[in-house]
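Written out below as structure tokens is the structure these notes cover.
The values are calculated or read from the model by the stated rules, or taken from the named source; none is laboratory data. What you are looking at is a predicted structure, and each value in this text was computed from that prediction instead of being measured. Note: ideal-geometry Cβ built from the backbone for every residue, glycine included; neighbour counts use all protein chains shown.
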Amino acid sequence: MRFLACLFLPGLVLASGCNSGDECQNDIDCPGSEVCRGGKCQPREPDGGLDGGEGGCDPHSPAPGELLINEILADPPGSASSDLEGDANGDGTRSAAGDEFVEIGSLADCVLVLDGVTVADSQEDKFTFPADVELEPGKVVVIFGGGSPLGDFGGSQVFVASGLALNNDGDTVELKSPEGTRLGVENYGTEGGDDQSLTRFVDLDADTSLVKHTQAPDAQGLRFSPGTRIDQTPF
Ligand SMILES: [Ca+2]
Ligand SMILES: [Ca+2]
Ligand SMILES: [Ca+2]
């Protein structure tokens, strides 16, 4: 019954012997540096639970459902290299390959570590995140097909693949964990080839479908929004 004494006399926590490993019902039953987890007083996570959350919330590799494919540009607008409306990566040239992009967002409550996460199409792996890439909750990363991205992109992290080669008339974009577990997948058809991206009807809302960017609320005629919300505001 020791935890009851701690529960009602929190000021006497240490004096009443509520130590590491003791039974508990709530954090208040434990020493100040510990939390109640699984009915026992235990140390907080090694980083002290920097991300907050009950019992700590450490950066971790994404589990299925924690990443969302938020936007796909398979068909950069225009055709000539001077058609700058299609210059999604901002490098001054419209490129059918380099200006393609995939925007991926986090639905997790904790920081996600993307090291080794792979983006694939229906044929093969296209991009694997390098080491030390962390994604904050509610933020997005963008992977362009190539080129030298230039711009702010809403402050989002930007990466360049050595080609995405997304088919304009239909393809699959899949996210896989380093172990090969499917983390997310989106299929699209000929709607992907309309000189604009496909984006969530509501940004980072997994319950909404991908729609043509110009048909999303607040798109204001914009054809894509790499790194930003549909209305070009930051995540
Ligand atoms: Ca394409
Ligand atoms: Ca470009
Ligand atoms: Ca966007």
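The table below gives the values:
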| read-out | value |
| --- | --- |
| Test: residue in region 87-104 that is under 11 Å from the mean Cα position of the chain (by Cα) and away from ligand 2 (no atom under 11 Å from the Cβ) | yes |
| Residue count for region 23-37, restricted to those that are out of contact with any helix residue (DSSP H, G or I) (no Cβ under 6 Å at 6 or more places or on another chain) and surrounded by 20 or more Cβ atoms within 10 Å (Cβ to Cβ) | 2 |
| Test: residue in region 207-221 that is assigned to a strand (DSSP E or B), surrounded by 18 or more Cβ atoms within 10 Å (Cβ to Cβ), modelled with pLDDT of 95 or more and under 16 Å from the mean Cα position of the chain (by Cα) | no |
| Residue within region 205-220 that is charged (D, E, K, R) and in contact (Cβ under 8 Å) with a residue 40 or more places away in the chain present | no |
| Residue ranges of strands (runs of 3 or more DSSP E) in region 65-124 with at least 3 members under 21 Å from THR172 (Cβ atoms) and within 16 Å of ligand 1 (Cβ to nearest atom) | 67-73, 101-106 |
| Region 169-199: number of residues that are within 21 Å of ASP99 (Cα to Cα), touching a Ser or Thr at 6+ places or on another chain (Cβ under 8 Å) and either within 16 Å of ligand 2 (Cβ to nearest atom) or of a type in the set (S, T, N, Q) (or both) | 5 |
| Residues satisfying the stated conditions in region 158-168, i.e. on the phi < 0 side of the Ramachandran plot, within 16 Å of ligand 2 (Cβ to nearest atom) and either touching a Ser or Thr at 6+ places or on another chain (Cβ under 9 Å) or assigned to a loop (DSSP other than H, G, I, E, B) (or both) | VAL160, ALA161, SER162, LEU164, LEU166 |
| Sole residue being at pLDDT 75 or above, among the small types (Gly, Ala, Ser) and closer than 26 Å to ASP109 by Cβ, chosen from GLY39, GLY21, GLY48 | GLY39 |
| Scan of region 113-133 for residues that are more than 16 Å from LEU183 (Cα to Cα) and either among the charged types (D, E, K, R) or more than 12 Å from the chain's Cα centre (by Cα) (or both), ordered by number | GLN123, PRO130, ALA131, ASP132 |
| VAL185, sole failed condition from (1) within 16 Å of ligand 1 (Cβ to nearest atom); (2) under 21 Å from LYS126 (Cα atoms); (3) touching a residue at least 24 places away in the same chain (Cβ under 8 Å) | (1) |
| Among (1) within 14 Å of ligand 3 (Cβ to nearest atom); (2) crowded, with 18+ Cβ neighbours inside 10 Å - the single one ASP152 does not satisfy | (2) |
| Test for VAL133: is it aliphatic (A, V, I, L, M), farther than 21 Å from ASP91 by Cβ, in contact (Cβ under 8 Å) with a residue 12 or more places away in the chain and buried (at least 18 other Cβ atoms within 10 Å of the Cβ) | no |
| Tally of residues being touching a strand residue (DSSP E or B) at 6+ places or on another chain (Cβ under 7 Å) and within 16 Å of ligand 1 (Cβ to nearest atom) across region 200-235 | 5 |
